[in-house]
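I have placed the structure first, in the form of structure tokens, so that the comments after it can refer back to it.
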Amino acid sequence: MQGLYQLLDKNAIYIVMIIVLIVWAGIFLYLYNLDKRIRTVEKEMNGDKNAK
Amino acid sequence: MVWKIFLFVLLAFVSIAGIAFPIVPVPHAWYEFPLIPGLKENAKIIFFHVPTAWLSAVAFMMNTIYSIKYLRKKNLDDDAKSYAAAQLGIIFCVLATVTGAVWAKFAWGSFWSWDPRQTSIFALLLIYGAWFALRSSIESEEKRATLSSVYAIIAFLTVPFFVFIMPRIMSGLHPGSADDTNAGPVINFKMNGNMQLIFFLSLIGFTILYFWMWSIGYRSLILKDKINKQSIKE
């Protein structure tokens, strides 16, 4: 327990870095999926227009 | 597709370099940053705080450009674009204020001290807050778009003064103020080449991120509008 506390205390900046990277990966994946889903809906809507 | 991977890698690199690279009095290795007197370890915020403030200025500019376009062509898609830009602008403006306040707690000793920079961003938040209030108070689509476009153009006139001019000519605590002996204007900051490189990479990465978020924002707004109109027809 003491060892873990010291490890976290000494490397706080790297833990911050890892958390920032995880947050960035989350934002990126969210945007990526959103982009893909919007593209699918756009294709559907435009496809309807062509059918008419 | 390729540019998305590029963006991911770029901002991941900026996060790693900006946070983990050490700040030393005399940098020798390529990964060491110079110590800037008066900023010290707090200087690392420049890689994240400045891009958010920059993006809010870019977003408010796009908001104005598409407002002018709407007034000229009366196309509601342009209104959706200016709305999505303003949403992102206010988000990044709030982010710049919050990251700035957290930084101020450690650099100046308190979260908020009505420094010229803080006062000006507060005024900017109020001005663009009023834009959203104006938008939400009008029912008719065309009227709402026209009025908010006119307001956006007037509101943007204040942005260069509040972001770039007023905090520079007044003396204050923020780096880059008129009486700042350490840093001076932001560009010829006492950064070494590596620090400048990562700073500009960060600006580029955040700008690409902004345009991606903006395109997702306005495309979803336009789609929502289309689907609404279709369901009314049917």
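The values are calculated or read from the model by the stated rules, or taken from the named source; none is laboratory data. Note that this is a predicted model, so its numbers are computed, not measured. Backbone-built Cβ (ideal geometry, glycine too); neighbour counts: all protein chains shown. The accessibility values were calculated without ligands, DNA or RNA, using every heavy atom of the protein model including side chains. Shrake-Rupley method; radii C 1.70, N 1.55, O 1.52, S 1.80 Å.
Laid out as a table, the results:
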| item | result |
| --- | --- |
| Residue match in segment B:42-49 (condition: at pLDDT below 95, touching a strand residue (DSSP E or B) at 6+ places or on another chain (Cβ under 9 Å) and surrounded by 19 or more Cβ atoms within 10 Å (Cβ to Cβ)) | yes |
| Residue check, B:Tyr31 of a type in the set (Ser, Thr, Tyr), open to solvent by 20 Å² or more (accessible area, probe 1.4 Å) and over 26 Å from A:Ile22 (Cα atoms) | no |
| Unmet criterion (only one of (1) surrounded by fewer than 17 Cβ atoms within 10 Å (Cβ to Cβ); (2) part of a helix (DSSP H, G or I)) for B:Phe162 | (1) |
| Of all residues in segment B:6-20 being without any contact (Cβ under 8 Å) to a residue 60 or more places away in the chain and within 10 Å of another protein chain (Cβ to nearest Cβ), the one that is nearest to the chain's Cα centre (by Cα) | B:Ser15 |
| Count of segment A:19-37 residues which are of a type in the set (A, V, I, L, M, F, W, C) and either open to solvent by 90 Å² or more (accessible area, probe 1.4 Å) or at pLDDT below 85 (or both) | 3 |
| Some residue of segment B:36-44 being polar (S, T, N, Q), touching a residue at least 24 places away in the same chain (Cβ under 8 Å) and either within 12 Å of chain A (Cβ to nearest Cβ) or touching a Ser or Thr at 6+ places or on another chain (Cβ under 7 Å) (or both) | no |
| Matching entry among B:Ile23, B:Ile16 (being in contact with a strand residue (DSSP E or B) (Cβ under 7 Å, 6 or more places away or on another chain), surrounded by fewer than 19 Cβ atoms within 10 Å (Cβ to Cβ) and closer than 20 Å to A:Ile15 by Cα) | B:Ile23 |
| Tabulated pairs, segment A:14-40, first more than 7 Å from every other protein chain (Cβ to nearest Cβ), second open to solvent by 70 Å² or more (accessible area, probe 1.4 Å) and at pLDDT 95 or above, C-beta under 8 angstrom, 6+ apart or interchain | none |
| Extreme residue, farthest from B:Leu71 (Cα to Cα), among residues of segment B:123-159 that are under 22 Å from the mean Cα position of the chain (by Cα) and not in a helix (DSSP H, G or I) | B:Thr158 |
| Selected residue (criterion: most open to solvent (accessible area, probe 1.4 Å)) from residues of segment B:199-234 that are at the interface with another protein chain (Cβ under 9 Å from one of its Cβ atoms) and small (Gly, Ala, Ser) | B:Ser220 |
| Enumeration of residues in segment B:47-61 that are over 12 Å from the mean Cα position of the chain (by Cα) and more than 15 Å from B:Ile204 (Cβ to Cβ) | none |
| Tally of residues being of a type in the set (A, V, I, L, M), in a helix (DSSP H, G or I) and either touching a Phe, Trp or Tyr at 6+ places or on another chain (Cβ under 8 Å) or surrounded by 13 or more Cβ atoms within 10 Å (Cβ to Cβ) (or both) across segment B:165-174 | 1 |
| Sole residue being aromatic (Phe, Trp, Tyr) and open to solvent by less than 70 Å² (accessible area, probe 1.4 Å), chosen from B:Phe106, B:Phe111, B:Phe122, B:Phe92 | B:Phe92 |
